[in-house]
1. Using mean Cβ contacts within 10 Å as the protection proxy, how do 87-93, 74-80, 8-14 order, highest first?
2. Would you work out which of TYR45, ILE81, LEU26 lies farthest towards the positive end of the dipole of the chain, given +1 charges on the beta-carbon of Lys and Arg and -1 on that of Asp and Glu, about the Cα centre?
3. Report the charge-dipole magnitude of the range 5-94 in Debye, nearest 20, computed about the Cα centre from +1 at each Lys and Arg Cβ and -1 at each Asp and Glu Cβ.
4. Give the shape of the chain as rounded, prolate or oblate, defined through the alpha-carbon gyration tensor: a ≥ b ≥ c are the square roots of its eigenvalues, a/c under 1.5 means rounded, and otherwise the shape is prolate if a/b is larger than b/c and oblate if not.
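Here, each number is a calculation from the coordinates, and none is a lab measurement. Just so we're clear, the structure is a prediction, and the values are computed from it rather than from any experiment. Every residue, glycine as well, gets a Cβ built from its backbone with ideal geometry; the counts of neighbours run over all protein chains shown.
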Amino acid sequence: MSRTYYVYILASGRNGTLYVGVTNDLERRVLEHRSGQSGGFTKKYAVHRLVYYESHDDIHSAIHRESRLKKWKRRWKMDLIEETNRQWRDLFETGNR
C-alpha cells in the first residue's frame, strides 16, 4: 500500500512568520496546529495558515525536503509560496489541498 507524505508551510499571515513541517495526514496536522495541540512555535506565533504544500511518495524524500526547506533563506521560501499561491490564500480554508 502506497502512502502519501506532505511537506508543508504554514504562515501567520502574508509575509508573516513561517513554519515548515512534514506529515502523512495534512488535514489532521493542520487541525492540530490550529487547535493548539501542537503547542510550541505555531501556537506561540499563531502560525495557522496553510500556504504551501507538496506531496511525496516516500517518507525519506519528504523528510529530506523538509530539512532542506528549513535551511532555506526566508526570501526563497516566500518565493516558493508565491509560485503557486501568489495571494497567500489559506489552502486549508479554500479546499485547495
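1. Those peptides, ordered most packed to least, come out 8-14, 87-93, 74-80.
2. Among TYR45, ILE81, LEU26, the one farthest towards the positive end of the dipole of the chain is TYR45.
3. 580
4. rounded
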